[in-house]
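Structure record follows, encoded as structure tokens.
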Ligand code: 6PG
């Protein structure tokens, strides 16, 4: 019997995805560049081994799959994907389908869809880490709908479920799936950064020990902030290093890694003139975090900030409220960017369905996404911060965000993502801004012209008349 699908790349994510597919009753053929890895994977597959066909040659993999074939690529994003497609091409029949399930840059996916020729090609964003890949990821598909339809029964079967509804959705043509995954990762960066900032306030400002930080996150995980990221932050804070016996967090170097998806989101936002300052702040914070030596020199030069915040000045509850407000503002920015891209690229990205597909399985899954899906279903053209449900929450919480950011500023604790969330909120609630000055300056030095408030004809100022 031939396999229902094939998979190339048995790294952590590929192996987990293959087991998930087999576990859901599909036969799968697998191949890895290093054959020993394939053998090892099959040997350790237990009961699922019967559904898995390990192959040593690419031609053997192709021959093992039922036609028209579908093959998932789970190889590192970038050149490896192009190389793999090139290696497969001569072995495949027209209309055989290649599915890139890695974290591709959506521009590459756009190109690969064009270059596919008589092969079928789709790009799917897969979120949820190893655990998600094994037991139910969130899947964001892009490419021709008919190609997605050919494999959607498998992808929906392996995806996470929210009240029985699979978190696997076709987002649009070409790179739409990978684009939505990139914005997911941008939001992921900002969500993580804001949580890390509240950790900094608790640790440096309020002097909490790790257990108290862990308990606070655990308590927040029962309220409006209930989410995977808050849950794991509590677990990270609670963990003890088996080597030193110290809190694990104390032993982890404070320099954040990044594979680039958050950065791509920020670069793309600039191309689109989309305003995602919280996500930008999060990417910048990761960049700065890697400048450890310079930060140590800065501390030696300027002295450490007077971190201590009097306990009666700042309560745990106000930090929780600040994080709630910050989170809403960050997601509002992410969805606004998706809406802009949808127009710019001629996609019809389904905003409510995107919130739905993120409700389970992915890294940013949270209780709040269900409310976001509801708000976007009511009106997907409206900025989420203006939706009545979220506007009500922001009216109650923005004062805490302001207070927390102010206290952090007074005590020298950097909270770039929360601050930028607050600045976004204030900018978006200011009908008369200050860009009239920018326009005046532009006209002064470059005669760039401006629009008049009274709609009158003059488009230049009197600067140079005397
Ligand atoms: C997910 C994650 C996943 C991965 C990224 C994280 O949704 O499952 O986003 O795709 O963890 O590589 O990116 P950084 O390495 O840039 O933090």
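General remarks:
- Exactly one residue among 309, 319, 279 is surrounded by 12 or more Cβ atoms within 10 Å (Cβ to Cβ), part of a loop (DSSP other than H, G, I, E, B) and assigned by TED's automatic domain parsing to the domain that holds residue 401, and that residue is 309.
- Of all residues in the stretch 85-110, those satisfying the criterion of being buried (at least 23 other Cβ atoms within 10 Å of the Cβ) and in a helix (DSSP H, G or I) are 106, 109.
- Counted as qualifying within the stretch 334-411 are the helices (runs of 4 or more DSSP H) with 2 or more residues that are closer than 19 Å to residue 220 by Cα and more than 21 Å from the chain's Cα centre (by Cα), namely 388-410.
- Test result for residue 191, in contact with a helix residue (DSSP H, G or I) (Cβ under 6 Å, 6 or more places away or on another chain), within 16 Å of the ligand (Cβ to nearest atom) and assigned to a helix (DSSP H, G or I): yes
- Within the stretch 2-46, the set of residues being at positive phi and surrounded by fewer than 19 Cβ atoms within 10 Å (Cβ to Cβ) comprises 25, 46.
- Residue that is surrounded by the most Cβ atoms within 10 Å (Cβ to Cβ) [pool: residues in the stretch 114-132 that are more than 20 Å from residue 354 (Cβ to Cβ) and within 12 Å of the ligand (Cβ to nearest atom)]: 130
- Residue in the stretch 289-303 that is within 15 Å of the ligand (Cβ to nearest atom) and either closer than 23 Å to residue 414 by Cα or in contact with a strand residue (DSSP E or B) (Cβ under 8 Å, 6 or more places away or on another chain) (or both) present: yes
- Candidate set: the stretch 249-268, residues that are in a helix (DSSP H, G or I) and within 14 Å of the ligand (Cβ to nearest atom); chosen: the one modelled with the lowest pLDDT: 261
- Any hit, the stretch 145-162, residues being more than 15 Å from the ligand (Cβ to nearest atom), within 24 Å of residue 341 (Cα to Cα) and not in a helix (DSSP H, G or I): no
- Selection of first residues in the stretch 157-184 that are under 14 Å from residue 268 (Cβ atoms) and of second residues that are assigned to a loop (DSSP other than H, G, I, E, B) and within 16 Å of the ligand (Cβ to nearest atom), restricted to Cβ pairs under 6 Å at least 6 apart or on distinct chains, gives the following pairs, ordered by first then second residue: 178/104.
- Filter result for residue 304 (over 29 Å from residue 128 (Cβ atoms) and surrounded by fewer than 21 Cβ atoms within 10 Å (Cβ to Cβ)): yes
- Within the stretch 197-222, the set of residues being without any contact (Cβ under 8 Å) to a residue 24 or more places away in the chain and buried (at least 16 other Cβ atoms within 10 Å of the Cβ) comprises 203, 208, 215, 217, 218, 221.
- Sole residue being on the phi < 0 side of the Ramachandran plot and out of contact with any helix residue (DSSP H, G or I) (no Cβ under 6 Å at 6 or more places or on another chain), chosen from 387, 373, 447, 353: 353
- Filter pass, residue 442 being surrounded by 14 or more Cβ atoms within 10 Å (Cβ to Cβ) and not assigned by TED's automatic domain parsing to the domain that holds residue 317: yes
- Answer from 417, 423 - the residue that is assigned by TED's automatic domain parsing to the domain that holds residue 399, in contact with a helix residue (DSSP H, G or I) (Cβ under 6 Å, 6 or more places away or on another chain) and either more than 30 Å from residue 201 (Cα to Cα) or part of a helix (DSSP H, G or I) (or both): 417
- Hey, residue 448 over 30 Å from residue 132 (Cβ atoms), modelled with pLDDT under 95 and surrounded by fewer than 21 Cβ atoms within 10 Å (Cβ to Cβ) or not: yes
The values are calculated or read from the model by the stated rules, or taken from the named source; none is laboratory data. Fair warning: this is a prediction, and the values are worked out from it, not measured in the lab. Cβ sites come from the backbone with ideal geometry, for glycine too, and all protein chains shown count toward neighbours.
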